[in-house]
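Right, one structure below, let's go through it.
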Amino acid sequence: MYVFMGDFTGHGLAASIGTLPVSRAFYALTQKGLSIPDIATEINKTLYELLPTEMFCAAAIVELNYNATQISVWAGGVPDLYLLHPNGGVKSTIPSMHMPLGVLPTLEFEDTQSIYHVKKLDTLLIYSDGLIELENASQELFGEDKLNALLSNGTTSNMDSLIQSVKEHKGQCSQNDDITIIELKCDVPELPCEQLEKFSIMPQQQTVKLSADYLKRVNPISEITETVCSIKGVLRHKSNIFLILSEAYNNALEHGVLKMDSN
């Protein structure tokens with residue numbers, strides 16, 4: 001499962017200009033099973049070329065693996081994320097340590113992801129800065145301290161209590177920024193054995209010949225991954241297959257074909 005939360009500069013119609021290209025790119029890239037760093041890099045490139053200089057997109061991009069045992073996170077310009085225990089309380093704070101999307105050119109862009117191991121029913125909380133910057137009648141911010149206190153009180157209904165606290169803090173005041181809150185449960189549905197797709201038992205062999213001209217112009221991994229994942233039962237391993245094929249292909253190209261030294 002992939003999750004993308006984006007928060008563009010500004011408000012209203014002007015701030016929505018980048019949403020269509022971002023959503024199109026996100027769905028296309030996740031369909032190919034790309035890694036979080038690759039997704040972040042491609043969306044950053046799209047926005048850098050598209051948006052005016054003063055506009056950018058603060059974002060959190062998350063992948064929960066198939067068995068719900070690991071999350072991969074890239075976060076830039078958004079508040080820190082929280083990994084919560086099943087019964088409430090903060091398990092880990094995941095720092096937002098990158099620049100927002102659309103600010104840096106590709107050569108300067110940092111695509112490093114953070115990887116965390118999770119247990120069943122752990123919860124990842126993602127939110128926009130509109131939450132902690134919400135003001136009450138006394139112009140006091142909701143703030144990270146209050147959010148931390150709410151998340152650390154051991155309640156099992158973090159989202160319900162959080163939304164109620166937001167409403168109480170705001171009171172009758174107008175809301176000066178949009179607020180997005182995402183609660184991602186680290187769990188997979190328990191399917192009966194008969195509903196799980198079984199692997200194909202038909203022997204298969206595939207051979208691909210790549211000419212020098214093709215190698216110069218195209219990275220074939222996405223197409224090969226799609227072909228492999230069309231085999232019955234393989235699709236749920238798409239992300240791992242893409243990663244393995246990418247590593248094997250890059251090593252073969254750089255060291256086998258181009259004879260490049262590891263240094």
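The values are calculated or read from the model by the stated rules, or taken from the named source; none is laboratory data. Everything numeric in this text was worked out from a predicted model, so none of it was measured. Neighbour counts are summed over all protein chains in view; Cβ atoms, including those assigned to glycine, are modelled from backbone coordinates with ideal geometry. To get the accessible areas, we keep the full protein, side chains included, count just its heavy atoms, and leave off ligands, DNA and RNA. Shrake-Rupley method; radii C 1.70, N 1.55, O 1.52, S 1.80 Å.
Just one of (1) under 24 Å from Leu29 (Cα atoms); (2) touching a residue at least 24 places away in the same chain (Cβ under 8 Å); (3) among the basic types (Lys, Arg) fails for Lys216. It is (2). Residue count for region 13-37 satisfying the condition of being open to solvent by 40 Å² or more (accessible area, probe 1.4 Å), more than 19 Å from Val78 (Cα to Cα) and not in a loop (DSSP other than H, G, I, E, B): 7. The set of residues in region 158-176 being over 29 Å from Asn87 (Cα atoms) and surrounded by 15 or more Cβ atoms within 10 Å (Cβ to Cβ) is empty.
Would you say Ala137 is open to solvent by 80 Å² or more (accessible area, probe 1.4 Å) and small (Gly, Ala, Ser)? For Ala137, the condition - open to solvent by 80 Å² or more (accessible area, probe 1.4 Å) and small (Gly, Ala, Ser) - is met.
Of the residues making up region 237-263, those that are under 24 Å from the mean Cα position of the chain (by Cα), open to solvent by 70 Å² or more (accessible area, probe 1.4 Å) and over 16 Å from Leu64 (Cα atoms) are Ile244, Glu247. Scanning region 85-108 for residues that are open to solvent by 40 Å² or more (accessible area, probe 1.4 Å) and either farther than 20 Å from Met5 by Cβ or assigned to a helix (DSSP H, G or I) (or both) yields His85, Pro86, Asn87, Thr106, Leu107, Glu108. Just so you know, in region 210-226 the residues that are exposed (fewer than 13 other Cβ atoms within 10 Å of the Cβ) and part of a helix (DSSP H, G or I) include one that is modelled with the lowest pLDDT, and it is Glu223. Candidates are the residues of region 64-84 that are part of a strand (DSSP E or B) and hydroxyl-bearing (Ser, Thr, Tyr); the one that is surrounded by the most Cβ atoms within 10 Å (Cβ to Cβ) is Tyr82.
You will find that of Thr112, Thr46, the residue that is in a helix (DSSP H, G or I), modelled with pLDDT under 95 and of a type in the set (Val, Ile, Thr) is Thr46 and no other. Total residues in region 60-98 satisfying the condition of being touching a strand residue (DSSP E or B) at 6+ places or on another chain (Cβ under 7 Å) and farther than 25 Å from Leu243 by Cα: the figure is 13. Scanning region 52-63 for residues that are β-branched (Val, Ile, Thr) and open to solvent by 10 Å² or more (accessible area, probe 1.4 Å) turns up just one, Thr53.
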